[in-house]
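Inspection log for the structure reproduced underneath, given as C-alpha cells.
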Amino acid sequence: MARGERILEAAAALGPLLGLLGTVTGLIRTFAALGREVGAASMDRVALGISEVLVSTATGILVALFAMVVLKINMAYRSSYLALLERLALSFERNTHQLVCRG
C-alpha cells in the first residue's frame, strides 16, 4: 500500500473518532457551564452547546467520508492502471514471441 493511501486510511479511521472527541468535550463544557448557572438553565445555552457538539461530530464524519472516497478512487485508478500494464505486457510478450518464431 502506498504512503498516501496509508494517510487517507488513517484519516478515514480517525475522522469519526476526532468528531466524537469533540462531541464529548463539547458536552462536558456545555454541562459545566449549565451547572455554574444559578437557577434554571436557559434553552438558548443548551441549544448553543448542542449545536457546537453536532458541528464537531459532523466535521469528523465529513473528514472520514472525504478521505474514504479519495482512497477508493485512488485504489480503483491504481487497479485499472495495473490491469492495463498487465495487458500491455502480455501483448508485448505475444508479439515478441511471434517475431522470434518467424525470424
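Does at least one position in region 30-42 carry a residue that is assigned to a helix (DSSP H, G or I), in contact with an Asp or Glu (Cβ under 9 Å, 6 or more places away or on another chain) and surrounded by 15 or more Cβ atoms within 10 Å (Cβ to Cβ)? Yes, region 30-42 has at least one match. Is it the case that region 6-15 has a residue that's in contact with a Leu (Cβ under 7 Å, 6 or more places away or on another chain), aliphatic (A, V, I, L, M) and in contact (Cβ under 8 Å) with a residue 60 or more places away in the chain? Yes: one or more hits. Applying a threshold of 9 Å to beta carbon distances and a minimum spacing of six or more residues, or different chains, the list of pairs starting in region 42-53 at a residue that is under 11 Å from PHE31 (Cα atoms) and ending at one that is hydroxyl-bearing (Ser, Thr, Tyr) and surrounded by 13 or more Cβ atoms within 10 Å (Cβ to Cβ) reads ARG45/THR30; VAL46/THR30; GLY49/THR30; ILE50/THR30. Of the candidates THR25, THR57, the single residue that is surrounded by 14 or more Cβ atoms within 10 Å (Cβ to Cβ), out of contact with any His (no Cβ under 7 Å at 6 or more places or on another chain) and either of a type outside the set (Asp, Glu) or modelled with pLDDT under 85 (or both) is THR57.
The values are calculated or read from the model by the stated rules, or taken from the named source; none is laboratory data. Just so we're clear, the structure is a prediction, and the values are computed from it rather than from any experiment. A quick note on method: Cβ atoms are made from the backbone with ideal geometry, for glycine too, and the neighbour counts reach across all protein chains shown.
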